[in-house]
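Trainee: The structure's right below; bear with me while I get my questions together.
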Amino acid sequence: MEFKDLEHYISKRQALNAALTLFAWDQDTEAPEESVEQTSKYVGTLSHELFELITDENVKNILLDLQLQDLPLEQKALVREWLKDIRKLEKIPSDKYQLHQELLMKAQHVWQKAKADDNYELFLPYLKQIVEEEKEFALYRKNNEENLYDVLLDDFEPGFHTQQLDQFFDMLKKEIIPLLQKIQNATYTIDKTYNEKDYDIDKQRIFNHWIAQYVGFDFKKGLMKESAHPFTTNFHNKDVRITTHYYLNNLESALFSTIHESGHALYEMNISDNITMTPIGVGASMGFHESQSRFYENIIGRSDLFWKPIYPRLQKAFEPLLDDVTLQHFIDGINKVQPSLIRTEADELTYSLHIMVRYEIEKKMFEGSVDYHQLPTLWNNLYKEYLGVTPSNNSEGILQDIHWAGGSFGYFPSYAIGSAIGAQIYAYMKKTVPIEQWILDGDFQKIKDYLKNHFHQYGAIYNTNELLQKVTGEPFNPQYYIDYLKNKYIQIYHLINE
Ligand code: ZN
């Protein structure tokens, strides 16, 4: 058999996937409130078709034959990934899979209501059922040596295991919690009340569109809308969509969401033409994707190098609100460490601590020892322990994220892994190219080209560790992240002699 025997199936798979993605995009941006119940049936049918196609006997035979052949790199990767998908899915009965997809669609709707009404009990039966079904699916797929949570991790971070993550999070616990305490006791304090003035939403829209373009988002290949929670979605490398969310009394929220999502979008726009619209025409992993958004948002976007040339433009756009805020004051402000309850509003330093809370609760749910009525208390206790803050209700506690309602377990760790990968890539770039000068010059084309040539173009041909090894000469190494955070915050909070 030849690779072209597979092409028809690839096109169909991508088309079905694009339709499902478009429904998901619509649900989060434009769809009317009452549409969900019936639309979820379309989603169920399409998911079923996709499932049937991916696990189709003919496709499997072609793939098994191709697997033995000497193929070009991209084709080899595609065959490998598709076979991996088959191994994951063929063990799950298709009727159960379809019912699960419908449950997820409904659960996300219920979660929205539960969060709005601060009613965890409303969401509890859905959460419990989703976890039970995910566990059942993971059991079908499980190999002898894995625990259930490792099965889930592999969906988002191939090559990463619970053991490796435990080590990573232990490192963060040991290094970051003490650093956080030092900062809270520091004599140097940062005032950022300027951020809460009334920043006209229309002016924010204009500035955010400009800044997306400034960092390289191409509006001929993408668009930007608004949603409750900012996200990126893509259909291929010439249709990549991002959302942001504006708040009248929080200038930086939308700014950094926009830069973050632009980072995700640049990755997708940079994927090579010969693999876009194929199953490997996506990021290498969730963590790798997150590394790119955080690279733009935090490492670049919260640096003084980045703002030096454009801060006057920001001041002018919101005149006179920032007239008495100096560049240095603004840089301090956007890096202010402030342990909070809400993950998406967390500062760069405490962000990973929010992830640790979720990681530990997810592991407990999948170990099977958890009382769902006690989860909010467990959540609140962990927040107290790691961040020193306690939610006063479940909307700002356990109900804050949509992920569990969408059946995404094992996903959260990718956010922390991503921050670490971003720091590792930045350390490597500093050694090999004048990245700091590029940022200062606003030369984002050079940064975009560099990332495209070294990482982005490959999509999911390589996994995270392979790609890091190939480009930086070593696999995942979180020490760069710890060093980056320490250097940065010791400087910002003048902790050198403390
Ligand atoms: Zn992200």
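The values are calculated or read from the model by the stated rules, or taken from the named source; none is laboratory data. None of these values were measured; they are calculated from a predicted model. Counting neighbours? That spans all protein chains shown, and the Cβs are built from the backbone with ideal geometry, glycine included.
Trainee: Looking only at strands (runs of 3 or more DSSP E) that lie completely in segment 182-247, which have at least 1 residues being among the acidic types (Asp, Glu) and in the same structural domain as Lys488 (by TED's automatic domain parsing)?
Mentor: 222-226, 239-244
Trainee: Restricting attention to segment 340-351, and to residues there that are modelled with pLDDT under 95 and touching a helix residue (DSSP H, G or I) at 6+ places or on another chain (Cβ under 6 Å), which single residue is nearest to Pro413 (Cα to Cα)?
Mentor: Arg343
Trainee: Are there any helices (runs of 4 or more DSSP H) wholly within segment 270-339 with 3 or more residues that are closer than 27 Å to Tyr462 by Cβ and either assigned by TED's automatic domain parsing to the domain that holds Tyr411 or among the aliphatic types (A, V, I, L, M) (or both), and if so which?
Mentor: Qualifying helices (runs of 4 or more DSSP H): 286-294.
Yes or no, residue by residue, for (1) assigned to a helix (DSSP H, G or I); (2) charged (D, E, K, R); (3) on the phi < 0 side of the Ramachandran plot; (4) free of Cβ contacts under 8 Å to residues at least 60 places away in the same chain:
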{"site": "Val389", "(1), (2), (3), (4)": "no, no, yes, yes"}
{"site": "Ala405", "(1), (2), (3), (4)": "no, no, yes, no"}
{"site": "Asp449", "(1), (2), (3), (4)": "yes, yes, yes, yes"}
{"site": "Leu467", "(1), (2), (3), (4)": "yes, no, yes, no"}
{"site": "Gln491", "(1), (2), (3), (4)": "yes, no, yes, yes"}
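Trainee: Being crowded, with 22+ Cβ neighbours inside 10 Å and touching a helix residue (DSSP H, G or I) at 6+ places or on another chain (Cβ under 7 Å) narrows it down to one of Tyr426, Tyr411, so name that one.
Mentor: Tyr411
Trainee: Now a separate question. Only one of (1) under 30 Å from Pro376 (Cα atoms); (2) at pLDDT 95 or above; (3) of a type outside the set (S, T, N, Q) is not met by Ile435, so which one is it?
Mentor: (1) is the only condition that Ile435 fails.
Trainee: Residue check: is Leu266 outside any loop (DSSP other than H, G, I, E, B) and within 15 Å of the ligand (Cβ to nearest atom)?
Mentor: yes
Condition check ((1) more than 16 Å from the ligand (Cβ to nearest atom); (2) in contact with a helix residue (DSSP H, G or I) (Cβ under 8 Å, 6 or more places away or on another chain); (3) more than 26 Å from Ile425 (Cα to Cα)) across all residues:
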residue: Gly281; (1), (2), (3): yes, no, no
residue: Ala284; (1), (2), (3): no, yes, no
residue: His289; (1), (2), (3): no, yes, no
residue: Gln292; (1), (2), (3): no, yes, no
residue: Pro312; (1), (2), (3): yes, no, yes
residue: Ala317; (1), (2), (3): yes, yes, yes
residue: Thr326; (1), (2), (3): yes, no, yes
residue: His329; (1), (2), (3): yes, yes, yes
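Trainee: Identify all residues within segment 210-226 that are within 16 Å of His245 (Cβ to Cβ) and crowded, with 16+ Cβ neighbours inside 10 Å; write none if there are none.
Mentor: Listed by number, the residues that qualify are Ile211, Ala212, Met224.
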